[in-house]
Amino acid sequence: MAILLPYRTDPRLLLQVLEYAKGRGVDRSVLEVRLGGGEPLRETLNALEQLGLIERADAEIRLTEAGRRVAYATDAGERRRELARVVLSYPPYGGVIERALREGVSVIDGAWVERVWQVEMQLGQPRNRVEEARTFFFKLAEEAGLGVFRRGVRGQLSRLVLAPDLEEQVRLLRPLLARAEPLRQVTAEESQERRPTDQPNLVAKIDAEPRWQTADSAIRSVPVTISVTVDLTAWELEKIERFLRLLGVVPEAPA
């Protein structure tokens, strides 16, 4: 089964839905009145769910923790950081950015991204969707401050000119990124209209090397690698943070 990446939507529509879903959520019928129905809304909701920003129960749409961070950002800078966190946490997007940093390239074009998706990540992206999927990725990355989208003209390929400080952005955000989880495979029928009860399996797999130090500074700590699988579905953000601090993945807050 192919992974159907988000397409045929726009970051502006994503942000509008997040705004309407603040508080206790919003009914799909309300969104259809305010934003119009049909394919644009359907694919916008699919994209938001695929990126982990909303969850659906029947016709009700509610924000996830990541969705709340974006929706309630207090200024443009905070919203860009949270969107960057979303982009980098989504494996097909974050994998492309990380690959670009490893290769030291400053511009990634459509053909380069398609090679990473299809050959290296083996996503099985349907050929008739891949161009629009790339375009949405480029637009979302630009909205997140990770680069500047340049649409192809006069035979040139559409491309993303990466931000000069991209490596620093990724370095600062990496400790906050959601650990990679298996991509949910979506059938063509589900892409047309997902079943409301279908939810991604929120299981975090964490490989951490603790950095704990003994009280006696003369004794050197011995690195120990552990692998922990935990179902975080019902956990609150504070509980997740405490758990990550316990593992040493997130540093202790200063006193």
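The values are calculated or read from the model by the stated rules, or taken from the named source; none is laboratory data. These numbers come from a predicted model, not from an experiment. All Cβ positions, even for glycine, are placed from backbone atoms using ideal geometry, and neighbour counts span all protein chains on display.
In table form, for the structure just shown:
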quantity: Single unsatisfied condition, residue 122 versus (1) over 17 Å from residue 169 (Cα atoms); (2) at pLDDT 95 or above; calculated: (2)
quantity: Matching residues, segment 153-169, being surrounded by 12 or more Cβ atoms within 10 Å (Cβ to Cβ), among the polar types (S, T, N, Q) and at pLDDT below 95; calculated: 158
quantity: Filter result for residue 183 (surrounded by 15 or more Cβ atoms within 10 Å (Cβ to Cβ), within 14 Å of residue 94 (Cα to Cα) and modelled with pLDDT under 90); calculated: yes
quantity: Unmet requirement for residue 111, which otherwise passes all of (1) under 22 Å from residue 164 (Cα atoms); (2) under 12 Å from the mean Cα position of the chain (by Cα); (3) free of Cβ contacts under 8 Å to residues at least 60 places away in the same chain; calculated: (2)
quantity: Residue in segment 27-36 that is aliphatic (A, V, I, L, M), assigned by TED's automatic domain parsing to the domain that holds residue 60 and under 22 Å from the mean Cα position of the chain (by Cα) present; calculated: no
quantity: Filter result for the condition that a residue is among the acidic types (Asp, Glu) and closer than 30 Å to residue 26 by Cα, over 65, 114; calculated: 65
quantity: Meets criteria (surrounded by fewer than 17 Cβ atoms within 10 Å (Cβ to Cβ) and over 25 Å from residue 28 (Cβ atoms)) for residue 142; calculated: no
quantity: Residue within segment 25-44 that is among the acidic types (Asp, Glu), buried (at least 16 other Cβ atoms within 10 Å of the Cβ) and either modelled with pLDDT of 95 or more or in a strand (DSSP E or B) (or both) present; calculated: yes
quantity: Given (1) outside the structural domain of residue 125 (by TED's automatic domain parsing); (2) of a type outside the set (Asp, Glu); (3) assigned to a helix (DSSP H, G or I), number of the condition residue 79 does not satisfy; calculated: (1)
quantity: Number of the condition not met by residue 93 [criteria: (1) closer than 22 Å to residue 134 by Cβ; (2) at pLDDT below 95]; calculated: (2)
quantity: Test for residue 5: is it outside the structural domain of residue 129 (by TED's automatic domain parsing) and either touching a residue at least 60 places away in the same chain (Cβ under 8 Å) or not in a loop (DSSP other than H, G, I, E, B) (or both); calculated: yes
quantity: Which numbered condition residue 70 fails, given (1) in contact (Cβ under 8 Å) with a residue 24 or more places away in the chain; (2) over 20 Å from residue 172 (Cβ atoms); calculated: (2)
quantity: Segment 56-96, residues that are more than 21 Å from residue 8 (Cβ to Cβ), touching a strand residue (DSSP E or B) at 6+ places or on another chain (Cβ under 8 Å) and surrounded by 19 or more Cβ atoms within 10 Å (Cβ to Cβ); calculated: 63, 71
